[in-house]
């Protein structure tokens, strides 16, 4: 079945450094979503990308959707301690009959920031 | 607007017992999805319900079941608990199905420990 792979699994940075996590799908995605989960918390929706080559920004966060709609990235500029958490990408994958889609999550990238 | 509410937040069971977890979605949301989160496997899709109908089911044994009521509230049940069922069970609601690209709003989860 479809897989959504994320790298790296872990990333430790000094506060003020940049951070990037990458997401790759084995199949073309109709859309890709990003979520953030703080330690001890629950995933929180960040953004959805739909168009090929789409780039969206949220303050210091930049999200990109690849031209082939099979990969995506999240880049954080000048990390802060509030950025700590696990970042997940998620894409729709079909059930065995191909009629309905479920949201499949990558394993996530755990970001830790040293103040 | 109130968020997704899950009960109970924490519970401890012994092997062989069964458990029922409850989820109240955001008002107006008719789609409810359930995920199992463990450190090793990440977020694993269990099921999605929309308007009382199961739209999709993940690769879990038949011991895992769910349902949705007419008011969109959902329950999931795990029978004959095994040690490996210890996990954080997350419920998420959406105004659209995953097939329609709906973003998920997660509850805080029910943390199940099986002894």
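The values are calculated or read from the model by the stated rules, or taken from the named source; none is laboratory data. Quick caveat, the model's predicted, so the values are computed rather than measured. When we count neighbours, we look across all protein chains shown, and the Cβ atoms used for this are built from the backbone with ideal geometry, even at glycine.
I'm trying to understand the selection: among the residues of region A:48-67, which are assigned to a strand (DSSP E or B) and either surrounded by fewer than 17 Cβ atoms within 10 Å (Cβ to Cβ) or modelled with pLDDT under 95 (or both)?
Step one: of region A:48-67, the residues assigned to a strand (DSSP E or B) are A:48-49, A:55-58, A:61-65.
Residues satisfying the conditions are A:55, A:56, A:57, A:58, A:62.
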Revision key, fill the gap. All conditions in (1) out of contact with any helix residue (DSSP H, G or I) (no Cβ under 9 Å at 6 or more places or on another chain); (2) more than 9 Å from chain A (Cβ to nearest Cβ); (3) under 27 Å from residue A:39 (Cβ atoms) are true of residue B:66 except (3)
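Residue A:36: within 12 Å of chain B (Cβ to nearest Cβ) and surrounded by 14 or more Cβ atoms within 10 Å (Cβ to Cβ), yes or no? Full working, then the answer.
Numbers: within 12 Å of chain B (Cβ to nearest Cβ): yes; surrounded by 14 or more Cβ atoms within 10 Å (Cβ to Cβ): yes.
In short, yes.
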Review point. From the residues in region A:87-103 that are in a loop (DSSP other than H, G, I, E, B) and either in contact with a helix residue (DSSP H, G or I) (Cβ under 7 Å, 6 or more places away or on another chain) or facing another protein chain (nearest Cβ under 9 Å) (or both), which one is modelled with the highest pLDDT?
Key: A:100
**Study point:** Residue list for region B:65-115, filter: part of a strand (DSSP E or B), more than 15 Å from residue B:48 (Cβ to Cβ) and under 13 Å from the mean Cα position of the chain (by Cα)
**Key:** B:77, B:78, B:87, B:88, B:110, B:111, B:112
**Study point:** Where residue A:4 falls short, out of the listed (1) within 11 Å of chain B (Cβ to nearest Cβ); (2) surrounded by 14 or more Cβ atoms within 10 Å (Cβ to Cβ); (3) at pLDDT 95 or above
**Key:** (3)
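For (1) within 14 Å of chain B (Cβ to nearest Cβ); (2) free of Cβ contacts under 8 Å to residues at least 24 places away in the same chain; (3) out of contact with any strand residue (DSSP E or B) (no Cβ under 8 Å at 6 or more places or on another chain), each residue gets a yes or a no:
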| residue | (1), (2), (3) |
| --- | --- |
| A:18 | no, no, no |
| A:25 | no, no, no |
| A:30 | yes, no, no |
| A:51 | yes, yes, no |
| A:79 | no, no, no |
| A:85 | yes, no, no |
| A:105 | yes, no, no |
| A:113 | no, no, no |
Review point. Could we say that residue B:77 is without any contact (Cβ under 8 Å) to a residue 40 or more places away in the chain, more than 20 Å from residue A:91 (Cβ to Cβ), out of contact with any helix residue (DSSP H, G or I) (no Cβ under 6 Å at 6 or more places or on another chain) and more than 11 Å from chain A (Cβ to nearest Cβ) here?
Key: no
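Based on this model, can you work out whether residue B:21 counts as under 14 Å from residue A:103 (Cα atoms) and crowded, with 20+ Cβ neighbours inside 10 Å? Step through it out loud before you land on a result.
Values: under 14 Å from residue A:103 (Cα atoms): no; crowded, with 20+ Cβ neighbours inside 10 Å: yes.
The answer is no for residue B:21.
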Check your understanding: Since residue B:103 meets every condition but one in (1) out of contact with any strand residue (DSSP E or B) (no Cβ under 6 Å at 6 or more places or on another chain); (2) without any contact (Cβ under 8 Å) to a residue 24 or more places away in the chain; (3) within 14 Å of another protein chain (Cβ to nearest Cβ), which condition does it not meet?
Key -> (1)
